[in-house]
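The values are calculated or read from the model by the stated rules, or taken from the named source; none is laboratory data. None of the values given here were measured: they were computed from a predicted structure. Cβ placement follows ideal geometry from the backbone for every residue including glycine, while neighbour counts extend to all protein chains displayed.
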Amino acid sequence: MSKECFETERLEELLRPLVDRHHADPLQLVQILREAQELVGYLPPALLTATARALRLPRAQVEGVAGFYSFFHLTPPGRYRVLFSDNITDRMLGSGELLDRLCNRLWIERGKVSEDGLVSVDTTSCTGMCDQGPALLVNGQALTRLSGERIDRISELIRAQAPLADWPGEYFRVEDNIRRRDTLLSAEWLAGEALQAAIGRGSEAMLAEMQLSNLRGRGGAGFTTAIKWASARRAPCHGDDGLRYLVCNADEGEPGTFKDRVLLSSYADLVFDGMSVAGFSIGASKGLLYLRGEYAYLLPALRENLERRRRSGLLGRALCGQVGLDFEIDIHLGAGAYVCGEETALLESLEGKRGIPRIRPPFPVTAGYRGQPTVVNNVETLCKAALIAVRGGAWFAGLGTKQSTGSKLLSISGDVERPGIYEYPFGVSVDQVLQDCGAGNAQAVQVSGPSGVCLAMHEFSRSIAFEDVPTAGAFMVFGAHRDMFEVARNFAHFFKHESCGFCTPCRVGTSLVANCMDKIGKGLGTQYEINQIFKIHRLLHAASHCGLGQAACNPLFDTLQKFRPAYERRLCSLDFEPAFDLDQALAAARQMTGRDDPAAHFGLAARFPGVAS
């Protein structure tokens with residue numbers, strides 16, 4: 001028996017309990033790979049082969065999934081895998097300098113594993129800790145409020161090979177930072193109260209209350225929740241044992257957003273009540289919470305909460321004592337892919353595949369998870385649904401504005417005195433928000449993250465509402481001293497990094513845009529690069545497969561329109577027109593060969609003296 005075959009068989013034995021726990025379901029591939037990596041440290045070829053055999057999948061499919069997610073490692077990443085948040089707000093707080101400091105202290109190069117295999121240091125797009133940065137992840141655990149002193153201490157702990165459990169607990173402290181409460185964050189409720197209220201109303205009456213409330217999705221798109229629920233309830237299931245599903249999208253990967261982190265940390269019962277209310281209303285018997293990989297530290301507490309709900313009769317069979325009324329919730333942990341925040345990419349990931357967005361139609365409400373009718377709602381949306389179950393649709397419709405009912409959670413970060421979570425009724429002005437969070441010298445606000453809109457000072461009178469400035473929740477503030485070109489450049493590299501690579505316009509276009517921004521940043525750009533960015537923006541918007549590519553140039557387009565001097569002062573010429581001089585390009589070759597005769601030159605002038613080239 002070859003060494004490779006022996007290793008594969010050994011790993012198959014190691015995997016067997018894990019695979020059995022997931023019922024050898026190929027759709028659990030992402031979760032199985034994640035748990036296998038926790039056992040082995042990374043995903044070596046033999047482990048991928050063993051996994052493919054155990055699940056009866058093509059090995060190429062298993063390796064394709066493993067290579068898609070940034071938190072999966074096909075080579076050893078070191079015993080300590082350190083990832084600094086590369087979000088613009090962390091950069092503004094000095095994360096880049098802290099990363100260099102740690103690399104220097106550990107004598108390693110960024111992006112590489114140390115020679116002894118102990119540690120690697122790199123960046124990740126965003127950790128969801130923008131209100132208490134700079135932040136980093138060590139083996140998936142978040143560390144906040146970094147400083148030079150903490151970096152020095154971290155380097156000492158790594159060199160001493162101290163287990164994370166022995167590191168100072170203060171380093172891992174994550175605060176809610178709730179600064180302003182309104183109807184959701186100030187609500188007092190008992191676990192299960194919303195579910196009991198929904199059962200008391202009945203499913204049809206609950207849908208009617210949702211319709212009356214005019215609740216719209218809080219994930220950014222703003223689709224009417226009642227329409228989505230009713231569509232899934234009416235859609236037929238496929239197969240004799242077909243089920244409807246309710247999915248809670250907790251993969252808030254948009255830089256600058258961290259409201260779901262707070263809801264899952266301190267309002268988990270309201271989240272699970274909202275999932276149960278939605279499941280009851282659409283006739284679903286299974287709920288799935290897709291938790292972003294950066295929030296893995298929340299997993300133990302969330303699972304304990306689910307167990308407590310099962311013991312209390314609020315989860316599992318016979319909900320609230322109603323025989324025949326069943327609803328179960330499972331938690332799936334993501335593995336580092338921003339694109340999985342898109343609902344169909346999330347469904348692909350839940351099914352153990354690469355997170356590539358699906359072509360629609362069919363829509364998830366008719367053919368979603370496992371091909372069955374599925375509702376995908378944001379964490380905040382489901383919390384609002386729980387409140388509606390208790391207080392009614394008319395109460396909710398009386399809050400906010402006519403088209404944007406209720407309240408909105410804003411994740412505020414950047415150049416403010418009090419970063420954190422703020423809840424407002426829809427219709428609040430940007431100016432009011434800036435006053436409340438202590439942003440006295442703001443020149444710009446990026447609303448809804450890189451894929452959203454950048455507002456300049458003359459737009460601060462606008463309102464946060466679907467009919468004016470819609471938002472998924474991110475609210476990044478940039479003071480007058482900030483360089484808006486560098487802000488846009490960071491966003492360009494974010495989209496380049498997070499493109500799933502499925503479609504050529506996005507895969508190539510985001511790279512071209514990032515290259516243009518780098519060239520301008522080095523002082524080598526011209527008006528030509530500016531024009532190219534506009535051309536690529538139009539192409540990406542029209543031809544990309546999903547919303548990531550369509551929104552990739554939004555921050556560049558906005559900043560070029562509103563902060564153009566930040567670009568132009570870097571250009572080496574405003575009037576330059578590019579041209580390529582082939583004869584000049586051959587100069588290095590002539591020098592190497594020692595030739596400078598006419599035959600070594602290119603052009604009519606070289607071949608026919610006296611004739612203009």
Does Leu195 meet the test of being hydrophobic (A, V, I, L, M, F, W, C) and not in a helix (DSSP H, G or I)? no
Looking only at the range 423-442, decide whether some residue is farther than 11 Å from Ala474 by Cα, assigned by TED's automatic domain parsing to the domain that holds Ala465, touching a residue at least 60 places away in the same chain (Cβ under 8 Å) and aromatic (Phe, Trp, Tyr). yes
For the range 68-94, how many residues are in a helix (DSSP H, G or I) and either within 25 Å of Glu115 (Cβ to Cβ) or of a type in the set (A, V, I, L, M, F, W, C) (or both)? 3
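Each row is one residue, and each column tells you yes or no for (1) within 26 Å of Ser70 (Cα to Cα); (2) in contact with a His (Cβ under 9 Å, 6 or more places away or on another chain); (3) surrounded by fewer than 16 Cβ atoms within 10 Å (Cβ to Cβ).
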residue: Lys496; (1), (2), (3): yes, no, no
residue: Cys500; (1), (2), (3): yes, yes, no
residue: Asp518; (1), (2), (3): yes, yes, yes
residue: Lys522; (1), (2), (3): no, no, yes
residue: Glu529; (1), (2), (3): no, no, no
residue: Ala542; (1), (2), (3): no, no, yes
residue: Tyr567; (1), (2), (3): no, no, no
residue: Arg570; (1), (2), (3): no, no, no
A careful count of residues in the range 154-174 that are in a loop (DSSP other than H, G, I, E, B) and either more than 24 Å from the chain's Cα centre (by Cα) or touching a residue at least 60 places away in the same chain (Cβ under 8 Å) (or both) gives 7
It is to be established whether one or more residues within the range 11-30 are part of a helix (DSSP H, G or I), surrounded by 19 or more Cβ atoms within 10 Å (Cβ to Cβ) and either of a type in the set (Lys, Arg) or in contact with a Lys or Arg (Cβ under 6 Å, 6 or more places away or on another chain) (or both). no
Is it the case that Val323 is more than 17 Å from the chain's Cα centre (by Cα) and assigned by TED's automatic domain parsing to the domain that holds Glu380? yes
Across the range 547-564, which residue is surrounded by the most Cβ atoms within 10 Å (Cβ to Cβ) among those that are aliphatic (A, V, I, L, M) and part of a helix (DSSP H, G or I)? Leu556
Checked pairs for the range 506-520, first under 20 Å from Ser544 (Cα atoms), second of a type in the set (Asp, Glu) and part of a helix (DSSP H, G or I), C-beta under 6 Å and 6 or more apart or across chains, list as Cys516/Glu529
Is there a residue being closer than 22 Å to Val447 by Cβ and part of a strand (DSSP E or B) anywhere in the range 235-248? no
Is there any pair with a first residue in the range 255-282 that is among the basic types (Lys, Arg) and a second that is surrounded by fewer than 24 Cβ atoms within 10 Å (Cβ to Cβ) whose Cβ atoms are under 7 Å apart and which are 6 or more apart or on different chains, and what are they? Lys259/Ile421
